[in-house]
1. For residues that are of a type in the set (Asp, Glu) and assigned to a helix (DSSP H, G or I), scanning just region 101-140, find the one that is farthest from GLU89 (Cα to Cα).
2. Condition check: among the hydrophobic types (A, V, I, L, M, F, W, C), surrounded by fewer than 13 Cβ atoms within 10 Å (Cβ to Cβ) and on the phi < 0 side of the Ramachandran plot. Does ILE35 satisfy that?
3. For PHE57, all conditions in the list (1) modelled with pLDDT under 90; (2) aromatic (Phe, Trp, Tyr); (3) buried (at least 18 other Cβ atoms within 10 Å of the Cβ) hold save one; what is the number of the exception?
4. Look at LYS107 and say whether it is of a type in the set (Lys, Arg), assigned by TED's automatic domain parsing to the domain that holds PHE42 and surrounded by 11 or more Cβ atoms within 10 Å (Cβ to Cβ).
5. Hey, among ILE72, ILE120, ILE68, which residue is among the β-branched types (Val, Ile, Thr) and over 28 Å from LYS6 (Cα atoms)?
6. Restricting attention to region 91-146, which residues are modelled with pLDDT of 85 or more and among the small types (Gly, Ala, Ser)?
Amino acid sequence: MEENVKDTVKQILTDYLQANKHRKTPERYAILDTIYSINGHFDIEALYHIMEDKGQFRVSRATLYNTIILLIDANLVIKHQFGNSSQFERAYNNENHHHMICMQCGKVTELQNDELLKAINDSKLNKFHPYHYSLYIYGICNKCSLAKRRKNKQINYREK
């Protein structure tokens, strides 16, 4: 299954590059292959280190940024803006899902909720046909909430 997806996205990239008169470089295909080997979100720095660890291709961060933009334009990668952080994930064959972002530690958690998916899919969008959507829920994660409660207990204890 995974190899079929990789073959399909390589063909989509090839078609996109030909249609837009871009060069078909081995670096672009290596970056695409690496992205489609990652489950979940990643940032440019993580992608850079994954590619460095694989040792197949040494690509600069500039090449990664430029290729990511190209892959977004080809609808092969999705960009998310979580607070001050840009994160990416593969787009092809990736089910819609939602994100919970902790405003304290920045942790991003994916949320699958069938009721939300159904509500969004059943929505009448005035002849608009969505390709992809994102829902971001900002709050405080359980770990940060517990830490805050512990800290408040310590402060209250000292005041007594």
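The values are calculated or read from the model by the stated rules, or taken from the named source; none is laboratory data. Keep in mind it's a predicted model, so treat the numbers as computed, not measured. When we count neighbours, we look across all protein chains shown, and the Cβ atoms used for this are built from the backbone with ideal geometry, even at glycine.
1. Filtering first and then ranking leaves ASP122.
2. no
3. (3)
4. No, not satisfied.
5. ILE120
6. ALA91, GLY139, SER145
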